[in-house]
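The structure appears right after this line, and notes come after that.
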Amino acid sequence: MDKTTIGVAIDIPQPWGGELTAARLAAGDRVAEYVPAHVTLLGPTEVNAADLPVIDAYLCRVAREHPAFTVRLRGTGTFRPVTQVVFVAVAAGISECEQLHEAVLAAEPIRAAARFPYHPHVTVAHDVPPEQLDAAFAELAGYEASFAVGGFTLFEHDDGGRWRPHAEYRLTADH
């Protein structure tokens, strides 16, 4: 059976998405060349390609069951020493991200096992030398942004690791 790798994420809108992607590139993290700034709801997960229509239908239902919300990004954090990651922290919208994450993971064809507890964030440096992690941490320590989240995106990863939008889902539930 053909397999594909998917991910589900909240895109960071402009101008903040461009700023954070540029910061990730400046930190030497080449992943930023093909993965835009985002808050992950489901990290790269291998599924059967034939299950994509079922996953799409499920994610449509998830979007209908969750309302739009606001995310506020503020300051930096790190997962060191567990993983070599520096991120911009989600300061508001955490519970909404957690609820979406749990709903996405509950899809029958997905049922992904998390490697780490879920912590919504925007990665700005990953697996780069320690001095570059330190620089990204310091440079973005005062970073702040606030924006409305009206939906999320299902991405399919191509053979080169690029994220290709497969479908977008609008959050439409009433508060």
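The values are calculated or read from the model by the stated rules, or taken from the named source; none is laboratory data. Owing to the predicted nature of the structure, the values given are computational and were not obtained by experimental measurement. Backbone-built Cβ (ideal geometry, glycine too); neighbour counts: all protein chains shown.
Can you spot a residue in region 114-136 that is basic (Lys, Arg), over 26 Å from GLU65 (Cα atoms) and surrounded by fewer than 13 Cβ atoms within 10 Å (Cβ to Cβ)?
Yes, that holds for at least one residue.
Out of (1) of a type in the set (D, E, K, R); (2) out of contact with any helix residue (DSSP H, G or I) (no Cβ under 8 Å at 6 or more places or on another chain); (3) within 22 Å of PRO44 (Cα to Cα); (4) in a loop (DSSP other than H, G, I, E, B), the odd one out for ASP174 is which?
For ASP174, the failing item is (3).
Among LEU133, LEU154, which is farther than 21 Å from ASP11 by Cα and in contact with a strand residue (DSSP E or B) (Cβ under 6 Å, 6 or more places away or on another chain)?
Answer to the selection: LEU133.
Among the residues of region 95-107, are any farther than 24 Å from VAL128 by Cα, touching a helix residue (DSSP H, G or I) at 6+ places or on another chain (Cβ under 6 Å), in contact (Cβ under 8 Å) with a residue 24 or more places away in the chain and part of a loop (DSSP other than H, G, I, E, B)?
Yes; the residues of region 95-107 include at least one that is farther than 24 Å from VAL128 by Cα, touching a helix residue (DSSP H, G or I) at 6+ places or on another chain (Cβ under 6 Å), in contact (Cβ under 8 Å) with a residue 24 or more places away in the chain and part of a loop (DSSP other than H, G, I, E, B).
Could you please let me know if VAL71 is among the aliphatic types (A, V, I, L, M) and closer than 23 Å to GLU46 by Cα?
no
Taking the stated definitions as given, is GLU168 within 20 Å of ILE10 (Cβ to Cβ), among the charged types (D, E, K, R) and outside any loop (DSSP other than H, G, I, E, B)?
Against the criterion (within 20 Å of ILE10 (Cβ to Cβ), among the charged types (D, E, K, R) and outside any loop (DSSP other than H, G, I, E, B)), GLU168 qualifies.
Within the bounds of region 16-28, is there any residue that is surrounded by fewer than 18 Cβ atoms within 10 Å (Cβ to Cβ), in contact with a strand residue (DSSP E or B) (Cβ under 7 Å, 6 or more places away or on another chain) and either in a loop (DSSP other than H, G, I, E, B) or modelled with pLDDT of 95 or more (or both)?
Yes.
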